[in-house]
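The values are calculated or read from the model by the stated rules, or taken from the named source; none is laboratory data. Please read all numbers here as calculations on a predicted model, not as lab measurements. Cβ sites come from the backbone with ideal geometry, for glycine too, and all protein chains shown count toward neighbours.
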Amino acid sequence: MLIALPALESIGFRRFASAAENTPGTPPKRAVFLGFGFGVTEESWYPDIKQTGAQYELSEGLAPLARHQKDLTVVQGCSNQYNNEAHWGSTFWLTGANRYSVPGQSFANSISADQVAAQHLGQNTRFTSLQLGSKDVKGSGHGPGLSLAWDQRGKPVAGLDTPLQLYHKLFSASNLPLAQRQAAIAEKRSVLDAVLAQAKQVQRGLSRTDTDKLDEYFQGIRDIEIQLSKEEAWLEIPKAKPPIDEPASGLKGRDEIKVMYHLIAAALQTDNTRVISYRQPVASLLQSLDITMAPHNMSHYTPGERMQASEKRDIAQSELLAGLLDQLKATKEADGSSLLDHVALAYGSNIRSMHYLDNCPTILAGGGANLKMGQHLALSKDTPLCDVWLTMLNGLGVPSDRHGDSSGVVKKLQA
């Protein structure tokens, strides 16, 4: 017997109406999270701590962002209090979880901020959210996970690892006739039905630990069923026409990130999704910059070749981010505003530099979350990074009282 799904309109059928969270004719809110591993060069990336507010000078590492200074805010002082893994730049970045929170387990996680946003913003789009990554994960300083995203059970959410995969998911039509695609979904449902029946047969007499595991298993089945229902709801809706050309295969490093950024803008422009996360490569970025040393070795920099390589990486990443902001600004909405006006973008890492996990590098940009832009904000030391995510979520209209280890919203961020 299939699991009954209440209020199916909430997982796709309301796409025919204006989104409930938006006034008709008002562009929807979007959220983008961009994470990188191994942090930054502390001495040249952060603005002078003595220069806060709107009157501050961008650092050397952030200089390529000068033309967007009024559209972004640099935040200092944040960290995830439970994080103790010096090489995990993204595993807990958006969750703020305590890996030892479950007795008897050496690893646990919780839902990431992007997935909280997706539950609210992703109901009326073809894709509830998009998780992006790279095949260049090893050596990039990210830690466990399949992307930046973790679901409501604290399980990793898989991502798309190449620009070409993302392009085809967004814009390529299926070659199969509609009837065959409907039959494929029906077959998947029948498999789920059989698995669910078998699981229920062993439900009685289990220990509490096994019961908890089985409940988690049932939730996983429900999640798949919801996904199948959404796919079915969009089967007869043609995909959007691509606003950009199909990317080449085999892109690496700087070119890979640049094209992913183009596709992120295209995905938002065509309203394929309203929530995107991207776990960016570092190792291949260095190679594309003719830096031969390993990212880990570079992150343990001292004055000289390693520090120069780290600073070169910072500037390249800032140039790429500036290019994405250019695209979001240049893309116009129906009401004449820019796409950036309705996007809340977060950019950073769970690692400051070397093995330091305090003062996580954090940049916020765009007008989507009604945050105060154009400032350098120095918060109290060890302010929960999740306070920033909570403020961002609330600004996006997501009803949340807390997220991860948050202690409250950051009032200085609110416009």
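Within the stretch 57-106, being touching a Pro at 6+ places or on another chain (Cβ under 8 Å) and closer than 25 Å to LEU132 by Cα holds for LEU62, VAL74, CYS78, SER79, ASN80, TRP88, THR91, GLY96.
Summed over the stretch 40-78, the residues that are at pLDDT 95 or above, not in a helix (DSSP H, G or I) and not aromatic (Phe, Trp, Tyr) give a count of 23.
The set of residues in the stretch 146-187 being part of a helix (DSSP H, G or I), under 21 Å from the mean Cα position of the chain (by Cα) and not basic (Lys, Arg) consists of PRO163, LEU164, GLN165, LEU166, TYR167, HIS168, LEU170, PHE171.
Within the stretch 286-295, can one find any residue that is within 21 Å of the chain's Cα centre (by Cα) and over 13 Å from ARG254 (Cβ atoms)? No: the stretch 286-295 contains no residue that is within 21 Å of the chain's Cα centre (by Cα) and over 13 Å from ARG254 (Cβ atoms).
Applying the set (1) closer than 22 Å to GLN280 by Cβ; (2) among the hydroxyl-bearing types (Ser, Thr, Tyr); (3) part of a loop (DSSP other than H, G, I, E, B) to SER406 leaves exactly one unmet item: (1).
Condition check: under 20 Å from ASP48 (Cα atoms) and either charged (D, E, K, R) or assigned to a loop (DSSP other than H, G, I, E, B) (or both). Does ASP387 satisfy that? So ASP387 does not fit the description; no.
Hey, among VAL116, VAL137, which residue is on the phi < 0 side of the Ramachandran plot, outside any loop (DSSP other than H, G, I, E, B), crowded, with 19+ Cβ neighbours inside 10 Å and not acidic (Asp, Glu)? Result of the check over VAL116, VAL137: VAL116.
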